[in-house]
1. For residue 68 and residue 139, what is the calculated FRET efficiency with R₀ set at 35 Å and r taken between the beta-carbons, to the nearest 0.05?
2. Using R₀ = 51 Å, calculate the FRET efficiency as 1/(1 + (r/R₀)^6) where r is the Cβ-Cβ separation of residue 28 and residue 197; round to 0.05.
3. Where does each of 269, 260 land when they are ordered by accessible area, with a 1.4 Å probe and the largest first?
4. Going by a ≥ b ≥ c, the root eigenvalues of the Cα gyration tensor, does the range 240-290 fall in the rounded group (a/c under 1.5), the prolate group (a/b larger than b/c) or the oblate group?
5. So, taking all protein chains as they sit and a 1.4 Å probe, how much accessible area belongs to residue 242, in Å² rounded to tens?
6. So, R0 is 30 Å and r is the distance between the beta-carbons of residue 14 and residue 146; what FRET efficiency does that work out to, to 0.05?
Amino acid sequence: MEELELTIKPILAILAAVAAALLITILLRLATNHAFRKIPDFKRRSAPAKAPVFVVLLCAGLRIALAATMSGQPWFALTDFILVAGFIAALCWLFLAALMVAERIVLRQFTGRVTDSRRRRRLTTQVTLGRRIVSALVITLAVAGLLLTIPEVRTLGTGILASAGLISIVAGLAVQSSLANVFAGVQLAFTDALRIDDVVVVEGLWGRVEEITLTYVVVRVWDERMLILPSTHFTTTPFENWTRNSPKITGSVELDLDWHTPVSELRTHLASLLASTQLWDGRTGKLDVTDAVGNFVRVRIVVSATDSGDLWDLRCLVRESMVGFIQQSQSSALPRQRWEMMPGHENKAPQPGASGPLPAELV
């Protein structure tokens, strides 16, 4: 009878712990959904935290139940160690899930209210990187807590602390580059030098910042390649940030044309072209002659757009439209080369192998 009682008690205790953990999880879920009901879509966004809450409560309940019923058994020490380690790991999982949920809610709330794209990108970068820093600290503390549950590790604590100075020096030298990248990543996020979705020119390539982590930055290049650079690259090497203050940007189109180019008619065509396209933001749209030496007249067209993507399309559109307009309506503006016939050489043909200028007609 006693043996049967010893067998049934742990089973009943385990079932009671599972039922209690499940019931408390459901109650907490309902309570949090009611408390944050004013936050749009909170129930779906907080769903990842449901499983770690149940595991934390389950590990705590099982440890209490088994300690009350089977504390004198020889296998209890190993089971207790496993439950404590599982509780620490589940608690770490819960913190990470809570940080993820908090990040989603904060970004959802504030990015919807902030209309300035610059502030929105800065907030996204800082919140994302802040969550990763806190996650790294939580994981570090969880690993330390797991190690301290091992008696042999606790006995070595005094010796480890005594030699902490030497160990820190050796570790610092070993991971010097990694730590430099970590600090560079923090510097990029909180000095507002680089933000997620910024348009940059780095290593001669145009791209958009896709991700900023503690150690590296991912840039999506215009041809969909992913350029992965260490964070220290952006703190030690100059780079172009086209959206540092505003996504609005200005670009130019240059054409080398003939001296007979009707500049006023080109200006009229440019004005009608810009007025007919939504790529132009209306800030800048002008045509100037920037150079007139040698055989060509250089015409520079400066246009503006709301972002770099629209600017690229607008520059291509302006270049193509101008070329077509000159070919169809202003053929005199097409670039050409001229040679002048020297007096006294009208009836002289060039001799094979002769040096000197080659006479020709005016084109």
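1. The computed FRET efficiency comes out at 0.65.
2. 0.90
3. Accessible-area ranking of 269, 260, largest first: 260, 269.
4. The shape class here is oblate.
5. Using a 1.4 Å probe on the heavy atoms, I get roughly 80 Å².
6. Approximately 0.80, to the nearest 0.05.
The values are calculated or read from the model by the stated rules, or taken from the named source; none is laboratory data. Note that the structure is a prediction, hence the values are computed from the model and not measured. As a convention, Cβ positions derive from the backbone with ideal geometry for all residues, glycine included, and neighbour counts pool all protein chains shown. Heads up: the accessible areas ignore ligands, DNA and RNA and are worked out on the full protein's heavy atoms, side chains in. Shrake-Rupley method; radii C 1.70, N 1.55, O 1.52, S 1.80 Å.
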